[in-house]
Amino acid sequence: MKHLTIILFAFSLLSIQGAPPARAPSGRQPRPAAADPRHPPADSSAPRPADARYTIRILCLYGSVPAKGYWKVEPYHGPHNLINMVAKLHGGHVGIEYAPDKVLSFQPQAYGGLAASGHFVAHFSKRSFNSWFRVYSVDRMWSCLGNRYNSIDSLRRAVFVIPITAAQRHTLDSLVKSYTTQTPYDYAFFGMRCASSSYDVLQTAGILPKTGLTWYNVFTTQEFRYLLYQEYLRNRGEGWQLYTSKGSVSRKWEKDIDNWTGY
């Protein structure tokens with residue numbers, strides 16, 4: 001299945017032309033999702049464990065396409081075909097809130113080119129990198145894909161709250177300073193992207209277990225969320241917390257591996 005996803009992504013990205021997504025019309029009102037008691041809402045003020053000296057939050061925005069009956073009012077970018085729809089469903093974004101309202105985000109500097117999202121294959125010369133780590137506000141993180149609506153509750157989101165040690169905090173702060181000054185790798189479809197780079201930062205800081213060939217093993221945001229969910233299950237007793245939001249029913253949202261949210 002993973003190999004099929006990669007192939008579908010490749011064909012979709014090759015067919016996309018144009019710039020980054022535009023912001024959705026401000027007057028649009030999505031149909032709200034019904035409340036779900038299984039997971040607390042992933043609002044921007046989700047609490048941090050009181051007994052932890054330091055905590056970080058991992059912010060996960062799900063990929064989506066317009067739901068049936070909403071194609072004329074919901075944003076959708078690229079050709080209207082099955083391959084592109086699969087690619088959009090496996091899109092989304094990931095950011096690391098390493099300090100209050102400071103979210104580390106990895107992205108291409110320019111969205112043009114063959115893949116319309118950076119280089120198709122990673123470049124290894126720093127002079128050729130089309131990538132950067134940037135620091136955003138939480139609000140900017142949730143609105144980065146252009147379909148923010150009037151409330152973040154219209155978006156399907158997952159927020160992992162992770163307590164960390166002083167040593168991990170020091171390493172993470174050093175990585176943020178270093179990576180925002182000089183990006184360590186290119187942004188490419190067959191290379192590092194937001195999910196794999198976020199995992200790389202967290203594993204380098206000693207917060208997540210090491211994984212080899214990160215760009216491949218954490219190829220999608222869906223895989224990133226699943227790996228974090230597995231760590232959450234193992235570390236709930238250590239103060240890890242999880243908050244989710246179902247999102248508007250006017251969009252068809254990506255489901256999780258094993259459907260661990262139950263949405």
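The values are calculated or read from the model by the stated rules, or taken from the named source; none is laboratory data. Note that this is a predicted model, so its numbers are computed, not measured. Cβ: placed from backbone, ideal geometry, glycine included. Neighbour counts: every protein chain shown.
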**Complete:** The number of residues in segment 70-86 that are free of Cβ contacts under 8 Å to residues at least 24 places away in the same chain and farther than 20 Å from ASP256 by Cβ is 5
**Request:** Give me a count of the residues in segment 165-208 that are more than 25 Å from THR220 (Cα to Cα) and of a type in the set (A, V, I, L, M, F, W, C).
**Result:** 2
**Message:** Please count how many residues of segment 145-160 are out of contact with any Ser or Thr (no Cβ under 6 Å at 6 or more places or on another chain), buried (at least 20 other Cβ atoms within 10 Å of the Cβ) and either closer than 25 Å to HIS119 by Cβ or of a type in the set (A, V, I, L, M) (or both).
**Reply:** 4
**Request:** Kindly indicate the residue of segment 112-147 that is within 20 Å of ARG57 (Cα to Cα) and in contact with a Lys or Arg (Cβ under 7 Å, 6 or more places away or on another chain) and also modelled with the highest pLDDT among those meeting that condition.
**Result:** VAL135
**Prompt:** Would you pick out the residues in segment 57-74 that are within 18 Å of the chain's Cα centre (by Cα) and either within 26 Å of SER137 (Cβ to Cβ) or in a loop (DSSP other than H, G, I, E, B) (or both)?
**Reply:** ARG57, ILE58, LEU59, CYS60, LEU61, TYR62, GLY63, SER64
**Prompt:** Is it the case that segment 206-227 has a residue that's free of Cβ contacts under 8 Å to residues at least 40 places away in the same chain, part of a loop (DSSP other than H, G, I, E, B) and buried (at least 23 other Cβ atoms within 10 Å of the Cβ)?
**Reply:** yes
**Prompt:** From the residues in segment 234-252 that are in contact with a strand residue (DSSP E or B) (Cβ under 9 Å, 6 or more places away or on another chain) and assigned to a helix (DSSP H, G or I), which one is surrounded by the most Cβ atoms within 10 Å (Cβ to Cβ)?
**Reply:** ASN235
